[in-house]
Amino acid sequence: MDDTAAPRLMVCIEDSRRHEEGQALAGHLGVSAVEAPDKPADDALVLKLTRQGLFLCRGDLALNGDFTRMVHRIDQNRWQHELLVKAARLKDPDHIPTALDCTAGLGEDSMLLAAAGFEVTLYERNPVIAALCRDAIRRAKKVPELKEAAGRMTLIEGESVEALRAIPEEKAPDVIYLDPMFPERDKSALTRKKFQLLHLLEGPALDEEVLLHAALNARPGKIVIKRPPKGPYAGGVRPAYSIQGKAVRFDCVLP
């Protein structure tokens, strides 16, 4: 099968306790829901509702949103050493800081910001990726080390550009976070293959210049942009400063 073609999608409800949830998800996505299907074709995408969570599967590959693998990064205030947190940090905020993650994906960057004390609103335009992220947040609220941060995360399924354009000036967020890179870069071949599943779901790529200028027009205190270490500036806009790492760079624009 040509991976550029739109794959078939179905919802499989393996956990009977999640029957209503599965039927609602299938209805939202406009696909069929089954309780115990025959083995699907290798080229089919299957959203499986299991006791362990919601999984996106194709053949032998399975991917889900899972914040438990991040516990070691945020427990005991380890989040302070994260480059993203350093880039987003505000000088002595006199209120609970707010952040908008306009390219949420599976939400791991938002989890770091939430662990650092931000109230984070996540925007994800793809309904399948949004479902995976929503399920990850739901499960994180049951994990002692994650529940406080997960409680500060609010997911909105929709287009972030339109949301940015609708923000009144008096409600501008402290930080807007943009990650035009997708999927995540990872040295693991298996992880790269798993993220290929998400590639199959992507619509037309977001125009990073349009996204950046919508963020600028929202007049936040700061815009943080995730870039490859040697990549060009997003939209040709030079940042005020950058936080540089070996695998990633965070450019900080001060509107």
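The values are calculated or read from the model by the stated rules, or taken from the named source; none is laboratory data. As the structure is a computational prediction, the values presented were derived from the model and not from experiment. Note: ideal-geometry Cβ built from the backbone for every residue, glycine included; neighbour counts use all protein chains shown. These area figures cover heavy atoms from the full protein model, side chains too; ligands, DNA and RNA do not enter into them. Shrake-Rupley method; radii C 1.70, N 1.55, O 1.52, S 1.80 Å.
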>> So, for the chain, what is the accessible surface per residue at a probe of 1.4 Å, expressed in square angstrom?
In response: 52 Å²
> So how do Leu155, Leu254, Leu211 rank on accessible area, 1.4 Å probe, biggest first, that is with the largest at the start?
Replying inline: Leu254, Leu155, Leu211
>> Can you compute the FRET efficiency between Leu61 and Glu148 using 1/(1 + (r/R0)^6), with r the Cβ-Cβ distance and R0 = 30 Å? Round to the nearest 0.05.
In response: 0.40
> Where Rh denotes the Kirkwood radius from the mean inverse Cα pair distance, what is Rg over Rh for the range 37-98?
Replying inline: 1.24
>> I'd like to know which of Ala116, Gly59, Ala166 lies farthest towards the positive end of the charge dipole of the chain, counting +1 on Cβ of Lys and Arg and -1 on Cβ of Asp and Glu.
In response: Ala116
>> As an exercise, use a Förster radius of 22 Å and the Cβ-Cβ distance of Ala163 and Leu90 to find the FRET efficiency, rounded to the nearest 0.05.
In response: 0.55
>> Two decimals, Cα atoms only, Kirkwood Rh: what is Rg/Rh over the range 206-255?
In response: 0.95
> Which value, in Å² and to the nearest 10, is the accessible area of Cys252 when all protein chains are kept and the probe is 1.4 Å?
Replying inline: 0 Å²
> In the Gaussian network model of the chain, springs joining C-alpha atoms below 10 Å, which of Val210, Val11, Val128 carries the largest mean-square fluctuation?
Replying inline: Val210
>> I want to check the label-to-label distance for Ser16 and Arg238. Put each point 7 Å from Cα in the C-beta direction and report it in nm to one decimal.
In response: 6.6 nm
>> How far apart, in nanometres, would the label points at Arg138 and Ile156 be if each is projected 7 angstrom from Cα along the Cα-to-Cβ direction?
In response: 2.2 nm
> Extent of the chain along each principal axis, from alpha carbon coordinates, in Å, largest to smallest?
Replying inline: 56, 40, 38
>> If amide hydrogens are placed 1.01 Å from N in the peptide plane, which non-local residues have theirs closer than 5 Å to the one on Gly107?
In response: none
